[in-house]
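A.B. asks: Handing you a structure now.
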Amino acid sequence: MHRWAQYRRATGRRGEQWAVDHLERSGMRVVDRNWRNHAGELDIVAREGPVLVVAEVKTRTSVDHGHPAEAVDIAKRRRLHALARAWARQHRVRAARIRVDVIAILAIGGRVFVSHERGVDR
């Protein structure tokens, strides 16, 4: 694998772990990570009470190409919602509500900044 690809993959894995840590500190229970089906992938699936939360994690080491959350457009948000419903069906989980969140991670100069946007599917 090319070094740049390895770097990006490692950065993404670190970002997802920082996101999991953030969600758990916020009182959510992470129930799945990196779930895939033919239509795509869910980075994190969590529960917040009766709400099923899917979190898309975007990690960047600079803002040269904009804020990480900007990478999640409306089409991606709709796809995440559909994937969340598929996850719930496959796992036979009933949720009073499904919510799509975006967790943007900026890792710059040895510091990590976490931005958690809740309910971006609306």
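A.B. asks: Calculated from DSSP H runs of 4 or more alone, at -39500 (n - 2.57) each and per residue, what is the 222 nm mean residue ellipticity of the chain, nearest 500?
C.D. replies: Here the helix-only value at 222 nm equals -11500 deg cm²/dmol.
A.B. asks: On to the next question. Let me know the Rg and Dmax you get for the chain when you use only its Cα atoms, in Å.
C.D. replies: 14.3, 44
A.B. asks: Please state, as a whole number in µm²/s, the translational diffusion coefficient that the Stokes-Einstein equation yields for segment 1-56 at 10 °C and 1.306 mPa s, with Rh defined as the Kirkwood radius across alpha carbon pairs.
C.D. replies: 129 µm²/s
A.B. asks: Taking the DSSP beta bridges in segment 3-117 as the whole, what percent of them are antiparallel, to the nearest 5?
C.D. replies: That works out to approximately 65 percent antiparallel.
A.B. asks: On to the next question. Considering only protein heavy atoms and a 1.4 Å probe, what is the carbon-and-sulfur percentage of the accessible area of the chain?
C.D. replies: 47 percent
A.B. asks: What is the extension gain from ARG47 to ARG9, computed as 0.36 nm multiplied by their sequence separation minus the C-alpha to C-alpha distance, in nm to one decimal?
C.D. replies: Difference between extended and current length: 11.1 nm.
A.B. asks: Calculate the FRET efficiency for GLU70 and HIS38 from the Cβ-Cβ distance with a Förster distance of 22 Å, rounded to the nearest 0.05.
C.D. replies: 0.25
A.B. asks: How far is helix 74-90 tilted off the main Cα axis of the chain, in degrees rounded to 10, range 0 to 90?
C.D. replies: Roughly 50 degrees between the two axes.
A.B. asks: Per residue, how much accessible surface does the chain expose to a 1.4 Å probe? Answer in Å², no decimals.
C.D. replies: 61 Å²
A.B. asks: Further question: If you fit an axis through the alpha-carbon atoms of helix 3-25 and take the longest principal axis of the Cα set of the chain, what angle between them do you get, 0 to 90°, nearest 10?
C.D. replies: Rounded to the nearest ten degrees, it is 50.
A.B. asks: Bin width 10 Å, alpha-carbon pairs only: give the P(r) of segment 18-88 as whole percents, running from 0 to the bin holding the largest distance.
C.D. replies: 19, 47, 31, 3
A.B. asks: If you place +1 on the Cβ of every Lys and Arg and -1 on the Cβ of every Asp and Glu, how big does the dipole about the Cα centre of the chain come out, in debye to the nearest 20?
C.D. replies: Using Cβ point charges on Lys, Arg, Asp and Glu, the chain gives about 380 debye.
The values are calculated or read from the model by the stated rules, or taken from the named source; none is laboratory data. Source: prediction; values computed, not measured. So basically every Cβ, Gly included, is an ideal-geometry build from the backbone, and we count neighbours across all protein chains shown. What goes into the accessible areas is simple: the full protein's heavy atoms, side chains included, and nothing from ligands, DNA or RNA. Shrake-Rupley method; radii C 1.70, N 1.55, O 1.52, S 1.80 Å.
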